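Note sheet for the following structure.
Computed from the coordinates by the stated procedures, all read-outs in this text should not be read as laboratory data. These numbers were taken from a predicted model, which means no experiment stands behind them. Cβ placement follows ideal geometry from the backbone for every residue including glycine, while neighbour counts extend to all protein chains displayed.
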Amino acid sequence: MTETMTEKKIGTYEAMFLISQAQAAEFGATLEHINGLFERAGAEVVAMQKWDERRLAYEIDKQKRGVYILAYFRAETSTLAGFERDCNLSESILRVLVTKADHLTEEEIAANDGREELAVETKLRAEKAAERAEAGAAASVSLGAPKAPEPEATTEAQSDSQPEAQAEGQPEPQADGDAAPEAEKPSD
């Protein structure tokens, strides 16, 4: 009986992580955090990929968009509760859903392994962040009064399109629709 008590039940699971756009900007750090959660639970990551980036059905923590990361892992069944608790307490992860992956074969799970693509995306996002930081540093900040806009030159086409009455110096009609005062009529 003690032999069955010491046996460890290891299962294959899938976890869907939802991270915010702000965390996606620091994609490498977020992936390291998720891998740290797996290590803490004693889990072996079999496959991981970015599943999708989309608009959320409703706001979560004032976030309208999110990035989904799908991971397949093997772990002891007794460590799942602690793993889910750690994920729910994490400030980097908006939501997590862990389910059993018995419906998939090892080949199907291996086909979903996109860790190489994650590494490439992490590198690209880091490069874009560095470019944005350089562009922000290169933008000059000027103090003082703003420059007055230069007057626009009137083109020939604009001057030709003005009515003749305005060109002769006569008053133009008022903006509210009233006509210009008429000349006095002689009385009979």
For region 46-107, what is one quarter of the convex hull surface built on the Cα atoms, given in nm²?
5.2
Under 5 Å from the placed amide H of THR12, counting only residues 5+ away or on other chains, we find ALA101
Trypsin sites (Lys or Arg not before Pro) within region 44-124: which are DSSP loop residues with at most 12 other Cβ atoms inside 10 Å?
LYS62
Calculate one ³J(HN,Hα) per residue across region 100-105 by plugging θ = phi - 60° into the Karplus curve 6.51 cos²θ - 1.76 cosθ + 1.60, and present them in order as whole Hz with x for glycine and proline.
6, 10, 5, 6, 10, 8
Can you give the local net charge around VAL45? Use residues other than it whose beta-carbon is closer than 12 angstrom to its beta-carbon, Lys and Arg +1, Asp and Glu -1.
-2
The answer for the net charge of residues other than ALA25 whose Cβ lies under 10 angstrom from its Cβ, with Lys and Arg +1 and Asp and Glu -1, is +2
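More than 21 angstrom separation, counting every C-alpha pair in region 1-114; what % is that?
On the way: 2523 of 6441 pairs.
Percent of Cα pairs beyond 21 Å in region 1-114: 39.
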